[in-house]
Amino acid sequence: MEKIETTGRTLARDKSVNPTVRRWMRLLHVIFSASWFGGNLSLILLNFMTPRPDTASALVLQHVIFHSIATTIVATASILSLLSGLLLCWKSSWGFFRHRWVVVKIIVTLVVIVFCATISGPAIEETIELSRTLGMEALHNEVYLGNAMLSAVVQPAIFAILVFLAYLSIFKPWSKRKTAQ
């Protein structure tokens, strides 16, 4: 372990991860984050740009496609983005708690993932089930319409949050956290 002197404090930098490995870790983190971003954007486009289905099977298919993107691309990319970000914190000088922007990114990412897993995801599954059992009548069901409204609000909100997380990564606002001396 090598010690590096910066602004009067000594930071330990683990040399077990060389700069090339750190670059690969950052690249994977960017790929996973971009996949999360793109998957969420796809959900928004599906939500607002697809025409209203005219048959029950088309209605079910629309929701199954939405669910597939949400679970295979968005959920997977969000988890991998979180894990690669945590790995970067662990194996770099950023640390987990040294910078406020890192702490905010971790907390916000966890909140979004938990929200999607506990509220948004089950609502999507319920929408599929309602469209399967009720067919086109689902379009007049209060629960179905509530889930549709939830999705219409949540997906753009998550997109805005992801833009905020990207902002934090690029601009790294706020100073370092004060540590006890």
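Summed over segment 38-51, residues that are more than 17 Å from Leu150 (Cβ to Cβ) and in contact (Cβ under 8 Å) with a residue 60 or more places away in the chain total 1. Residues that are of a type outside the set (Ser, Thr, Tyr) and more than 21 Å from Ile69 (Cβ to Cβ) within segment 115-138 comprise Leu134, Gly135, Met136, Glu137, listed in sequence order. Taking (1) farther than 24 Å from Thr72 by Cβ; (2) at pLDDT 95 or above in turn, Thr179 satisfies each apart from (2).
If you check every pair at least six apart or on different chains, which have Cβ atoms under 7 Å apart with a residue in segment 87-103 that is surrounded by 14 or more Cβ atoms within 10 Å (Cβ to Cβ) first and a residue that is among the β-branched types (Val, Ile, Thr) second? Within 7 Å, the pairs are Cys89/Val102; Lys91/Val17; Trp94/Val102. Taking the listed residues Ala148, Ala138, Ala117, the one that is of a type in the set (Gly, Ala, Ser), surrounded by 15 or more Cβ atoms within 10 Å (Cβ to Cβ) and either in contact with a His (Cβ under 6 Å, 6 or more places away or on another chain) or touching a residue at least 40 places away in the same chain (Cβ under 8 Å) (or both) is Ala138, with no other qualifying. In the set (1) loosely packed, with under 15 Cβ neighbours inside 10 Å; (2) in contact (Cβ under 8 Å) with a residue 40 or more places away in the chain, Ala157 fails one condition alone, (2).
Would you say Ile79 is closer than 24 Å to Ser169 by Cα, of a type in the set (A, V, I, L, M) and either touching a Gly at 6+ places or on another chain (Cβ under 6 Å) or modelled with pLDDT of 90 or more (or both)? Yes.
The values are calculated or read from the model by the stated rules, or taken from the named source; none is laboratory data. In this text the structure is predicted, and so the values were computed from the model without any measurement. As a convention, Cβ positions derive from the backbone with ideal geometry for all residues, glycine included, and neighbour counts pool all protein chains shown.
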